[in-house]
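These notes are about the structure you will find just below.
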Amino acid sequence: MSVDVKKLTIHQIADDLAAGKYTCVDLAQFYLERIQQVEPLVNAFCKYDEKELLKKAAEADARRAEGKALSPYDGIPIGMKDNISVKGHSCSCGSKTLMGYVSPFNATLVTCLQSKGFIPFGRMNMDEFAMGSTTRSSAYGPTANPWGLEYIPGGSSGGSAASVGASELPGAIGSDTGGSVRQPAAFCGVYGLKPTYGRVSRYGIAAMASSLDQGGPLTRDVIDAAILLESMSGFDPLDATTLHEPLTGLAEAVKNTDASFLKGLRVGLVKEYMAWNELEPACRKAVEDTIALLKSHGAEVVQVELPTTMLATQAYFAIMMAEASTNLERIDGIRYGHQEPGKRLNDIYLNSRGQFGENTKLRLLAGTLIITKQCYEDYFVNAQKVRTKLVQEFTEIFKKCDILLTPTSPNMPARKDAPPSLKFQADFYGVDCNLAANCAISVPAEISADGMPVGVQFIAAPKNDEFLLKAVRAYELCRPIKEFIPKL
């Protein structure tokens, strides 16, 4: 028996398993065959264990045979970014310094997914320590974009996005600090959700910037995004920032939404976002075409202003680098990480931390400078003031509109061999949501003239995750292109 995995979604798989069309072991074999076919070209995985997947799938089949399935999704494999702890598996964060580290515990989101029967499978490639927007800085080598192997998949969750885009898995989990789920989702033609801060526990996700990090799913459609978010969210006593409100019934609510949801929906268009001179024509066109489509189905477009966004990227990098410098100081070859020999203790520190990649070194050095006595007030404190002002402006904006529509990225994917940019313009449309704790999702909208997918971003106020996904579901039903499948 053979199944075309290119069109499978999580909810379709659940229906097929319930109907007995194939078993969980069959499903695992379908994906393993696909991985063997395309992984040498894409390099989405750091590593994976075929035998363990087949064993877990057989256990799921046994539960189903006894009528004891953990959920409709029991036995479905889901990819895990290499900075998410899975007990008994490596968690190297794409870095040479953590090669060989095996996690002794599960991240809370992994435990939640396992309670539903999902099988955490593989370590997905990423920019080293989640610092980057290309997935070129990994110790495992660069990941390729399944839509064009000579292009980057975005980052830092590029492996997670590429695996779903290439149909190596039906879904994957990434982490988003300033667009690291959404930007690669846009580049790879999949959905990438950054939930409200605190919706998903950060416990067990290797911290980069603790006040910005948030785990999120990458999927083939919005119903799948709702399924994974509902499955892995909830209050966690191990993470004091998690929200207490559960998201029960989210997937069903999204599934039952139709196009009429768009009628009367107030869609905000941010003046500064659309006027930014770095916005490429293909990315602008996708937003303009989406606005026209939403208006044709009864939505109302509201022009809004967010002046502080012009300072947000600088504020984001000050906060992110400062927090990253603090979080990664423990990886010194003594407490964590590979230890390089040295004659004196300081030599061990220098030699061990010298194994970091250049991009990571740059950000950690800048972060360390920012939190020194001489720079703290000028950089970190002022960045927090910008953050507060941004939150205030978003609060006022969401009194005027229900949801925002923006580009996900200002540019299309670069070639893998393009020189790195120090302008950080790739983060312009991503960082605001992390600074303000908004929920946001990148949705594939169009295919450009040169055959690459273009994503748009929907943003809602904090804790409005369900409303956000309903709006996207309504848009999805109206969108002219129904499937985004690369020729791979």
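Every number here is computed from the coordinates shown, using simple stated rules; none is lab data. Treat the numbers as computed from the prediction; the structure is a model and nothing was measured. Here the Cβ is made from the backbone with ideal geometry for all residues, glycine too, and neighbour counts use every protein chain on show.
Roughly what % antiparallel, to the nearest 5, for the DSSP beta bridges in the range 8-255?
Values: 14 of 21 bridges.
Within the range 8-255, antiparallel bridges account for around 65 percent of the total.
Could you rank the peptides 466-478, 255-267, 25-37 by their average count of other C-beta atoms within 10 Å per residue, with the highest value first? Mind showing how you got there, number by number?
Values: 466-478: 22.6, 255-267: 15.5, 25-37: 18.8.
Highest-to-lowest ranking by the protection proxy: 466-478, 25-37, 255-267.
When ranked by the protection proxy of mean other Cβ atoms within 10 Å per residue, highest first, what sequence do the peptides 208-217, 448-457, 301-310 form? Can you show the working numbers first?
Values: 208-217: 24.8, 448-457: 19.9, 301-310: 16.4.
Answer by packing, highest mean first, reads 208-217, 448-457, 301-310.
Pull up the DSSP beta bridges for the chain and report the antiparallel fraction as a percent, rounded to 5. Write out the running numbers ahead of the final one.
Working: 30 of 45 bridges.
Taking every DSSP beta bridge with both residues in the chain, the antiparallel ones total about 65 percent.
What net charge do the residues around G298 carry, taking every other residue with its C-beta under 14 Å from that of G298, with Lys and Arg at +1 and Asp and Glu at -1?
Numbers: positive: K263, R266, K295; negative: D258, E300, D402.
Cβ neighbours under 14 Å give a net charge of 0.
Any idea which of L469, Q37, G333 is furthest toward the positive side of the dipole for the chain, if Lys and Arg beta-carbons carry +1 and Asp and Glu beta-carbons -1?
The one lying farthest along the dipole's positive direction is G333.
Given H placed 1.01 Å from N in the peptide plane, which residues other than close sequence neighbours of E446 have an amide H under 5 Å from its amide H?
Those qualifying (amide H under 5 Å, at least 5 residues apart or on another chain) are V454.
Compute, for the range 330-488, the length of the dipole vector about the Cα centre, with Cβ point charges of +1 (Lys, Arg) and -1 (Asp, Glu) only. Units Debye, rounded to 20. The partial results should precede the final answer.
Working: 22 positive and 18 negative charges, 74 e Å.
The dipole magnitude comes to about 360 debye.
Could you give the length gained by full extension between K87 and T368, i.e. 0.36 nm per residue of separation minus their alpha carbon distance, to one decimal place?
Difference between extended and current length: 98.0 nm.
Which residues' amide hydrogens lie under 5 Å from the amide hydrogen of E300, considering only partners 5 or more residues apart or on another chain, with H built in the peptide plane?
Here G264, L265, R266, V267 satisfy the definition.
Could you pull out every one of the lysines with an alpha carbon less than 17 Å from that of K399, ignoring same-chain neighbours closer than 8 positions?
Straight-line reach from K399, under 17 Å: K271, K389, K463.
Let me check against my output: what whole-number percent is the relative contact order of the range 8-255, with C-alpha pairs under 8 Å and at least 6 apart?
Working: 598 pairs, mean separation 44.4, N = 248.
Relative contact order here is 18 percent.
Multiply the residue gap between H244 and S296 by 0.36 nm, knock off their C-alpha separation, and tell me the result in nm, one decimal place. Numbers along the way, then the final one.
On the way: separation 52, 0.36 × 52 = 18.72 nm, distance 3.81 nm.
Gain in length upon complete extension: 14.9 nm.
What 222 nm value per residue comes from the helices of the chain, counting each DSSP H run with n ≥ 4 as -39,500 (n - 2.57) and dividing by all residues, nearest 500 deg cm²/dmol? Please report the intermediate quantities before stating the final value.
Working: 16 runs with 186 residues, N = 488.
Taking each H run of at least 4 residues, the total per residue is -11500 deg cm²/dmol.
Rounded, prolate or oblate: which fits the range 8-255 when a ≥ b ≥ c are the square roots of the eigenvalues of the alpha-carbon gyration tensor, with rounded for a/c under 1.5 and prolate only if a/b beats b/c?
Values: a/c = 1.44, a/b = 1.15, b/c = 1.25.
Rounded.
Can you give the charge dipole size of the chain about its Cα centre, rounded to the nearest 20 debye, using +1 on the beta carbon of Lys and Arg and -1 on the beta carbon of Asp and Glu? Let's see the in-between values first.
Numbers: 51 positive and 55 negative charges, 82 e Å.
Computed charge dipole of the chain: roughly 400 debye.
Let me know the charge dipole size of the range 8-255 about its Cα centre in debye, to the nearest 20, where only the beta-carbon of Lys, Arg (+1) and Asp, Glu (-1) is charged. Numbers along the way, then the final one.
Numbers: 21 positive and 26 negative charges, 52 e Å.
Computed charge dipole of the range 8-255: roughly 240 debye.
Which of these values of volume of the Cα convex hull per residue in Å³ was calculated from the structure shown: (i) 139; (ii) 179; (iii) 187?
It is the value labelled (i).
Sort the following peptides by mean Cβ neighbour count (other Cβ atoms within 10 Å, averaged over residues), highest first: 7-17, 175-185.
Values: 7-17: 18.5, 175-185: 32.6.
Packing proxy ranking, top to bottom: 175-185, 7-17.
Please list, by residue number, everything in the range 315-329 whose backbone N is under 13 Å from a paramagnetic label point 7 Å out along Cα→Cβ of E278.
Only 315-317 pass the distance filter.
Between K389 and E52, take the C-beta separation as r, use R0 = 60 Å, and let me know the FRET efficiency to the nearest 0.05. Intermediate values should be presented prior to the final figure.
Working: r = 49 Å, r/R0 = 0.81.
The pair K389/E52 has a calculated efficiency of 0.80.
Quick check: residue separation of K343 and F105 times 0.36 nm, minus the Cα distance between them. What number comes out in nm?
On the way: separation 238, 0.36 × 238 = 85.68 nm, distance 3.39 nm.
The K343-F105 span can extend by a further 82.3 nm.
Which pairs, out of K385/K470; K416/K470; K116/K470; K255/K285; K6/K263, put more than 25 Å between their alpha-carbon atoms? Working shown, then result.
Details: K385/K470 33 Å; K416/K470 35 Å; K116/K470 23 Å; K255/K285 28 Å; K6/K263 32 Å.
Beyond 25 Å between Cα atoms: K385/K470; K416/K470; K255/K285; K6/K263.
Give me the distance in nm between label points sitting 7 Å out from Cα along the Cα-to-Cβ direction at Q37 and K482, one decimal.
Reported label-point gap for Q37 and K482 is 2.2 nm.
Mark the label point 7 Å from the Cα of R266 along Cα→Cβ and return the residues of the range 303-342 whose backbone N is within less than 12 Å of it.
303-304
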